[in-house]
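Notes follow once the structure below has been shown.
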Amino acid sequence: MLKKNSLIFSLITILLVSFLIHIQCSDKGTNSQGPGNVGIDLKLTTSALLQMVSQLHIVITADDMDTIEVSIPLSEENGYVFSQAIEVPSGTGRLFVVEVLDDNGVILYRGEEISDVSQGVSITLTIYLEPQVSLMKLTPRYNQKIANSLLYLTYEVFNIEELYEIFFKVYFRSHLLEFISATIDTSLNEATTTLSVNVVHPVTMEPSYLNIVLKGTNNIPVVDENGNGSLVNLVFRCQSISIPVESTYLNLDYTRILDPTGFPSPIDPPLMIDSSLIKILSDITTDDTIPNIPVLLSPANNETDVVLNPTLQWNAADHA
């Protein structure tokens, strides 16, 4: 089963979001708690960012310093990338708390880390985030694939306790993605878990979708004690495309989440549903070869006494 802190803020690993706090020396003054302040460079990259994210809230505390609190708005227009300096007194035991919020101010993720801040010392904090809402998502959230290659995804849930049976849908564009298979994740016991999948291709222009039912038998839940779990592994094939790049989303929805008695399970806090972005790159290569040199008929090669403005005649050549 997934641990609750399985989402990581890091510029190196792209999961839900990428977040790094880089602490380095700054020359902006001194304070009574240490030889000087330090500047913090904050960067957020986003190929894997939740669409619903709109704000980053950072709180830095310690017993020997005033609380520092910063809210940074995020938007798709700037690619969710920012760089901002925050002055922090050097000293020991600085607590860094990071919260990710949506448009309504709901905290989606929260993580914290304690670190010492020293003059002239450069450190990187990696902060693990715990979902603060009930969440279902596909991992990884962002994929870049070559046409005709396979796409591997895992359906995951967070903070949905006592989940014994779930009915959910995965919507996809069949002209861009071909469904290959769905299997029970290896974290689950196949002997006590059943999976059924039905592929639906509407006759209209609506997207195709998978009807998926996952059920734990013998009153065994499909999530851990925290309500987290990797449930189903999905495989798609990226279709051939006629243009250099195509982008498409895999969207999720659910119809029922049941307890062991077959009644709907209450979900608290509210359930968030995330989508997965797929960028498909064409595998078609263009012919950039130099065309063959045509054979000149007139004037002949090495011919003398040629007029100053001759009329050239040659045989046709491919691509000429």
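Throughout, read-outs are computed from the coordinates displayed, never taken from laboratory work. All values reported here derive from a predicted model rather than from experimental measurement. So basically every Cβ, Gly included, is an ideal-geometry build from the backbone, and we count neighbours across all protein chains shown.
Here are the numbers for the structure shown:
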quantity	calculated
For Tyr109, residues with placed amide H under 5 Å, excluding near neighbours	Val100, Gln132
Built amide H within the under 5 Å cut-off of Ser240, gap 5+	Asn148
Longest to shortest principal axis, alpha-carbon extents of the range 139-291, angstrom	72, 33, 29
In order through the range 159-165: 3J(HN,Hα) via Karplus (6.51 cos²θ - 1.76 cosθ + 1.60), integer Hz, x for Gly, Pro	6, 10, 6, 6, 8, 10, 7
Length gained when the stretch Val235-Ser149 is fully extended (0.36 nm per residue, less Cα-Cα span)	29.9 nm
For the range 88-193, size of Cβ-based charge dipole, Lys and Arg +1, Asp and Glu -1, in debye	500 debye
Net charge over other residues, Cβ less than 14 angstrom from the Cβ of Ser282 (K, R count +1; D, E count -1)	0
The range 134-156 residues near the modelled Lys279 label - backbone nitrogen below 20 Å, point 7 Å along Cα→Cβ	138-154
Sparse-neighbour loop sites [trypsin sites (Lys or Arg not before Pro); the range 177-280; at most 10 other C-beta within 10 Å; DSSP]	none
Contact order relative to length of the range 118-254, as percent, for alpha carbon pairs under 8 angstrom and 6 or more apart	36 percent
Nonlocal amide H pairs with Ile123, under 5 Å, H built at 1.01 Å	Ile23
Fully extended contour minus Cα-Cα distance, from Ile267 to Tyr142, at 0.36 nm per residue	42.3 nm
